[in-house]
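Participant: Supplied in structure tokens, the structure appears directly below.
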Amino acid sequence: MWDAIVIGSGMGGLACAAALAKRKRRVLVLEQHSIAGGLTQTFRRQDWEFAPGVHYIAGVGPQPGPEGQFGRLLSWLTDGSLRFAAGANPYDIVRLPGFELGIAHPEQAYRDALEARFPQQLAGIARWFDACAEARRSAYTLFGLRGMPSWMAWGLRLLRGAEALRWSERTLADELGRIDDPALRAVLGARWADYGAVPTQAPFVEHALVTHAYDGGSYYPVGGSAQFARQLVPQIEAAGGALRLGCDVYRIVVEGGRASAVEYRHGGQTQREQARHVVSAIGVANTADCLGADVAVEWQRAIRALAPGVAHISLFVGFEGDITAAGASSANHWIFEGTDIGQLWRQPVDEEAPGMFVSFPSLKDPACTGGPTAEVVAVVADSVFAPWIGAADGERPEEYVALKCWIEDRLLTQFLRHFPALRPLVRFHELSTPVTQRHFVRSLQGSMYGIEMSAGRLATPALQIRTPVPGLLLAGQDVMGPGVPAASMSGLLAAANIEPSLWAHLNA
């Protein structure tokens with residue numbers, strides 16, 4: 001019998017398994033894909049390597065205290081084998097028609113740049129940063145309640161629960177509405193795709209938390225994002241654990257009221273493994289699908305009431321030549337065609353994307369030996385690909401292929417309009433869609449980050465680490481929030497709920 005079975009090898013699952021391995025717990029990790037890592041996996045086309053899910057990471061710098069805590073935890077999990085390269089500063093650049101502003105770290109540098117560019121808006125800028133600080137305190141409370149044992153969460157809820165709930169119900173659009181200048185509003189709200197919710201829906205606490213995370217700098221894994229799995233899996237195996245790929249989990253077995261086994265298909269055969277604990281890091285909707293209809297009925301109903309988040313498309317571009325001389329850098333570019341930065345791309349056949357995120361990963365990784373690359377991300381309305389989202393794996397109708405090719409050409413043209421000097425260097429391009437996302441990581445309806453980021457998501461008790469089913473715990477982006485640090489922390493909290501001696505280390 002395994003000490004734990006972890007379903008899914010994204011960062012939530014791998015961090016959980018690696019932490020338990022530090023306490024000599026034997027953990028079996030089951031992954032449906034042929035490659036471990038979830039959204040941290042990479043893929044290669046000819047000489048170009050692409051990382052579809054990782055563009056920059058916070059919290060892994062050399063700073064003491066909270067700004068470097070995630071990096072210290074990863075160093076502990078991997079015995080120091082994961083390394084990170086510092087990115088550019090400014091690390092994010094917001095571009096509007098006729099306007100550009102670099103967002104630098106630390107926060108004071110960003111604030112100084114805003115005040116210099118918008119001298120008539122000093123009061124609004126001050127009010128914005130004050131609100132961000134208050135919202136972050138509430139965010140720490142909300143996410144703390146997710147991972148703590150019930151006896152610890154009770155006290156925190158009593159002290160700060162009401163304030164946290166109040167802030168969770170305030171949207172990014174609510175706070176931006178207090179800003180008079182449209183360009184300033186656009187800059188302050190531009191990075192909402194980092195957590196995948198348009199301003200009218202996005203909880204302001206999430207925006208304040210995610211954007212503040214980079215005040216300690218932005219970083220990129222040396223050797224690419226596939227290094228997460230490459231360095232974490234050996235730690236799991238060294239403690240007697242195992243990773244099995246190509247395992248399609250279809251049932252979490254509940255016996256005597258407790259999750260005790262997992263059934264899955266592998267190599268054309270049905271298999272069953274017993275465990276003292278089951279940790280699901282495959283998304284809460286997929287987890288509910290693995291339970292019987294009579295198990296935790298109210299919890300399943302609450303889970304299924306959570307809608308999928310926004311969808312996206314990604315354009316992967318390979319170059320030949322010096323892209324730095326042609327205007328590329330290791331900074332990210334948030335490009336909008338107007339000051340209304342909250343629009344989804346609803347009619348990709350008839351119009352350009354209202355906004356796009358541009359990253360040049362090959363310039364972020366000092367160990368990159370392949371050709372130079374760019375990744376262009378645009379957030380789309382889920383209705384665009386809805387007709388094909390439920391298609392069987394490998395089934396790609398003509399209409400889908402034609403639409404995909406049309407969007408690929410349109411987005412490439414738009415990207416090169418903003419970076420014209422790169423045009424003669426382009427040698428390769430390929431598009432992924434929500435259908436691609438659904439196929440490789442089985443995200444809910446092909447969504448960018450799983451379930452929607454909303455006030456309802458933050459407030460629901462259904463997303464706690466411990467489920468109502470004894471022995472069944474949750475990890476992954478749906479629990480703590482989007483991104484590598486949040487997903488990893490959910491896994492670490494799940495591990496600490498299984499092995500309480502880990503709590504002291506997580507607080508170090």
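The values are calculated or read from the model by the stated rules, or taken from the named source; none is laboratory data. All figures in this text were calculated on a predicted structure; none of them were measured in a lab. Neighbour counts run over all protein chains shown; Cβ positions are idealised from the backbone, glycine included. Only protein heavy atoms, including side chains, enter the accessible area calculation; ligands, DNA and RNA are left aside. Shrake-Rupley method; radii C 1.70, N 1.55, O 1.52, S 1.80 Å.
Participant: Return the total of residues in the stretch 437-462 being among the small types (Gly, Ala, Ser) and within 20 Å of Gly38 (Cβ to Cβ).
Facilitator: Looking only at that region, the number is 4.
Participant: Taking strands (runs of 3 or more DSSP E) that do not extend beyond the stretch 265-376, which have at least 1 residues that are closer than 26 Å to Ser490 by Cα and modelled with pLDDT of 95 or more?
Facilitator: 269-274, 278-280, 311-319
Participant: Quick one: Val349 ticks every box in (1) within 24 Å of the chain's Cα centre (by Cα); (2) surrounded by fewer than 20 Cβ atoms within 10 Å (Cβ to Cβ); (3) under 24 Å from Met448 (Cβ atoms) bar one, so which box is it?
Facilitator: So Val349 meets the others, but not (1).
Participant: Still on this structure: Can you pull out the residues in the stretch 455-485 that are at positive phi and touching a strand residue (DSSP E or B) at 6+ places or on another chain (Cβ under 9 Å)?
Facilitator: Those that are at positive phi and touching a strand residue (DSSP E or B) at 6+ places or on another chain (Cβ under 9 Å): Gly471, Gly476, Gly483.
Participant: Out of (1) outside any loop (DSSP other than H, G, I, E, B); (2) in contact with a strand residue (DSSP E or B) (Cβ under 8 Å, 6 or more places away or on another chain), what's the single condition that is false for Ala213?
Facilitator: The number of the failed condition is (2).
Participant: Here are some residues: Ile303, Ile335, Ile313, Ile323. Which one is of a type in the set (A, V, I, L, M, F, W, C), more than 26 Å from Val198 (Cβ to Cβ) and touching a residue at least 40 places away in the same chain (Cβ under 8 Å)?
Facilitator: Result of the check over Ile303, Ile335, Ile313, Ile323: Ile323.
Participant: Filter the stretch 58-67 down to the residues that are touching a helix residue (DSSP H, G or I) at 6+ places or on another chain (Cβ under 7 Å) and in a loop (DSSP other than H, G, I, E, B) and list them by number.
Facilitator: Ala58, Gly59, Val60, Gly61, Pro62, Gln63
Participant: Which members of the stretch 192-204 meet the condition of being in a helix (DSSP H, G or I) and more than 16 Å from the chain's Cα centre (by Cα)?
Facilitator: Result: Phe204, single match.
Participant: For the stretch 259-273, which positions are within 9 Å of Val249 (Cα to Cα) and either surrounded by 18 or more Cβ atoms within 10 Å (Cβ to Cβ) or among the aromatic types (Phe, Trp, Tyr) (or both)?
Facilitator: Selection gives Val262, Tyr264.
Participant: Name the single residue that is surrounded by the most Cβ atoms within 10 Å (Cβ to Cβ) among those in the stretch 394-416 being under 23 Å from Ser34 (Cβ atoms) and within 26 Å of the chain's Cα centre (by Cα).
Facilitator: Here the residue is Lys404.
Participant: Of the residues Glu255, Glu175, only one is modelled with pLDDT of 95 or more and over 24 Å from the mean Cα position of the chain (by Cα); which?
Facilitator: Answer to the selection: Glu255.
Participant: Condition first: of a type in the set (A, V, I, L, M), under 23 Å from Gly338 (Cβ atoms) and modelled with pLDDT of 95 or more. Can you find one or more residues in the stretch 112-121 that meet it?
Facilitator: Yes, that holds for at least one residue.
Participant: Quick one: which residue in Phe129, Phe70 is in a helix (DSSP H, G or I), out of contact with any Lys or Arg (no Cβ under 8 Å at 6 or more places or on another chain), within 30 Å of Leu506 (Cα to Cα) and of a type in the set (Phe, Trp, Tyr)?
Facilitator: Matching residue, one of Phe129, Phe70: Phe70.
Participant: Among the numbered criteria (1) closer than 23 Å to Ala486 by Cβ; (2) touching a His at 6+ places or on another chain (Cβ under 8 Å), which single criterion is violated by Tyr110?
Facilitator: Against the list (1) closer than 23 Å to Ala486 by Cβ; (2) touching a His at 6+ places or on another chain (Cβ under 8 Å), Tyr110 comes up short only on (2).
Participant: Would you mention how many residues in the stretch 417-433 are part of a helix (DSSP H, G or I) and surrounded by 17 or more Cβ atoms within 10 Å (Cβ to Cβ)?
Facilitator: 2
Participant: Additional query: Would you check which residues across the stretch 393-443 are at pLDDT 95 or above and of a type in the set (S, T, N, Q) and list them?
Facilitator: Within the stretch 393-443, Thr413, Gln414, Ser432, Thr433 meet the criteria.
Participant: Out of curiosity, is Gly223 touching an Asp or Glu at 6+ places or on another chain (Cβ under 8 Å), open to solvent by 10 Å² or more (accessible area, probe 1.4 Å) and small (Gly, Ala, Ser)?
Facilitator: So Gly223 fits the description; yes.
Participant: So which of Leu77, Leu73 ends up being farther than 21 Å from Ala374 by Cα and more than 19 Å from the chain's Cα centre (by Cα)?
Facilitator: Just one listed residue meets the conditions, Leu77.
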